[in-house]
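Below: the structure, in structure tokens.
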Amino acid sequence: MASSIEVSWELDGITMEGTVVRPDGDGPFPAVVLVAGSGPTDRDWCSPLIPGGNGSAKLFAEAFADAGFASIRYDKRASGPRAIENVTKLLGSVSMQSHLDELVAAVGVLAGKDFVDSARIVGLGNSEGTLHVLHYATSQQEFPFVGIILAAPPGRPIQAVLLSQLALQSAQVPGGAEMMAKVEEAASRYAEGLPMNPDPGIPDSVKMVLASFEAPMNLPLARELWVESSLDSLGMVRIPTLVLIGGKDLQIDFHADGHPLQEAATGMPNVTFAFPPNANHVFKEDTRSKAEVLASPGTGYNEPGTHLDPESLDTILTWLADTVK
């Protein structure tokens, strides 16, 4: 039976916490480090903003252990049970580099386990986490990844991804087109380095999303994210890479994001693409139509009884078996 081990370590005076899962046996085992997406998403890929605690990362870790892979998943310093106490310590210092520092530390903890083969570690990032995995894979590290899995990577700058998400949602309500014009005006001001200053007529829920990019807690990360996509790093990757984008993903689109990534990977035999049709953003299975998914976004992410998309899981496990030998 696989076993879970709670681990903690210090990074810049802040305690980080995570969970290591080891397969049954002596090892040393190949291993996977799981990197969560944006905002308050925790080690299990659950968020206080979305109902449910049945997170995909926990399910992936269990499946990897069954297949003979150890893993670590961790709470970013601004997520998990310590998030509130860490906010003041992190104010103004959350950045791409700070997230990379967290990943480097987590890999070090995983590599230090005597049952882990530190020469066979794979990085698996979801959404924003794919950017941090790419930054790790394209920089000099003590424990280089032997492969990476990019689950729902943005193939466009986050500005474009955000606006397309809001456009999808606004199309479902009266007056959506007029609202989007005002949102795009605010986004243009932000892109020029100015305050967004959104129109008062924009719904509060949308203004809250826009305001999150200007919150002192999220800077300078938000401005870095605004212009970055996985296109910026994918061409520099020389290790085996699996890119997955689900057909039911409302945040990352297999056309708008997947096609630019495929073009960027032209002539790169180390990069493999998969577009599982029933996978959502966190790679749970969703058999509803796209229209039904649009009508209730987020439903099924982490609710009890939801499960990993079988095709996605099989693709990942097969790729891992072929890549990490």
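The values are calculated or read from the model by the stated rules, or taken from the named source; none is laboratory data. In this text the structure is predicted, and so the values were computed from the model without any measurement. Cβ: placed from backbone, ideal geometry, glycine included. Neighbour counts: every protein chain shown. To get the accessible areas, we keep the full protein, side chains included, count just its heavy atoms, and leave off ligands, DNA and RNA. Shrake-Rupley method; radii C 1.70, N 1.55, O 1.52, S 1.80 Å.
When you look at ASN86, is it assigned to a helix (DSSP H, G or I) and either surrounded by fewer than 24 Cβ atoms within 10 Å (Cβ to Cβ) or on the phi > 0 side of the Ramachandran plot (or both), yes or no? Yes: the conditions hold for ASN86. Does SER38 count as of a type in the set (Ser, Thr, Tyr) and either open to solvent by less than 20 Å² (accessible area, probe 1.4 Å) or over 17 Å from VAL282 (Cβ atoms) (or both)? Answer is no for this residue. Does region 272-293 hold any residues that are in contact with a helix residue (DSSP H, G or I) (Cβ under 9 Å, 6 or more places away or on another chain) and either among the aromatic types (Phe, Trp, Tyr) or open to solvent by less than 40 Å² (accessible area, probe 1.4 Å) (or both), and which are they? Of everything in region 272-293, those that are in contact with a helix residue (DSSP H, G or I) (Cβ under 9 Å, 6 or more places away or on another chain) and either among the aromatic types (Phe, Trp, Tyr) or open to solvent by less than 40 Å² (accessible area, probe 1.4 Å) (or both) turn out to be PHE273, ALA274, PHE275, PRO276, ALA279, ASN280, VAL282, PHE283, LYS284, ASP286.
Residue check: is PRO48 under 24 Å from ARG223 (Cα atoms), touching a helix residue (DSSP H, G or I) at 6+ places or on another chain (Cβ under 8 Å) and open to solvent by 20 Å² or more (accessible area, probe 1.4 Å)? The answer is no for PRO48. Against the numbered list (1) under 20 Å from VAL7 (Cα atoms); (2) in contact (Cβ under 8 Å) with a residue 12 or more places away in the chain; (3) surrounded by fewer than 16 Cβ atoms within 10 Å (Cβ to Cβ), ASP66 comes up short only at (1). Scanning region 294-310 for residues that are under 27 Å from GLU62 (Cα atoms) and of a type in the set (A, V, I, L, M) turns up just one, LEU308. Given the conditions (1) over 27 Å from PRO48 (Cα atoms); (2) among the aliphatic types (A, V, I, L, M); (3) modelled with pLDDT under 95, and given that ALA295 satisfies all but one, which numbered condition is not satisfied? Condition not satisfied by ALA295: (1). Counting only residues that are under 29 Å from THR138 (Cα atoms) and open to solvent by less than 50 Å² (accessible area, probe 1.4 Å), which one in region 194-214 is modelled with the highest pLDDT? For region 194-214, the residue satisfying everything is PHE213.
Just one of the listed residues (SER296, SER312) is in contact with a Phe, Trp or Tyr (Cβ under 8 Å, 6 or more places away or on another chain), hydroxyl-bearing (Ser, Thr, Tyr) and on the phi < 0 side of the Ramachandran plot, namely SER312. Listed by position, the helices (runs of 4 or more DSSP H) inside region 99-213 whose residues that are without any contact (Cβ under 8 Å) to a residue 24 or more places away in the chain and within 27 Å of ASN86 (Cβ to Cβ) number at least 2 are 204-212.
Report whether or not THR266 is loosely packed, with under 14 Cβ neighbours inside 10 Å and either free of Cβ contacts under 8 Å to residues at least 40 places away in the same chain or in a loop (DSSP other than H, G, I, E, B) (or both). Yes.
Is it the case that SER4 is surrounded by fewer than 16 Cβ atoms within 10 Å (Cβ to Cβ) and at pLDDT 95 or above? Yes. Looking at GLY13, GLY37, GLY52, GLY80, which is the one that is out of contact with any Asp or Glu (no Cβ under 7 Å at 6 or more places or on another chain) and of a type outside the set (Val, Ile, Thr)? The conditions single out GLY13.
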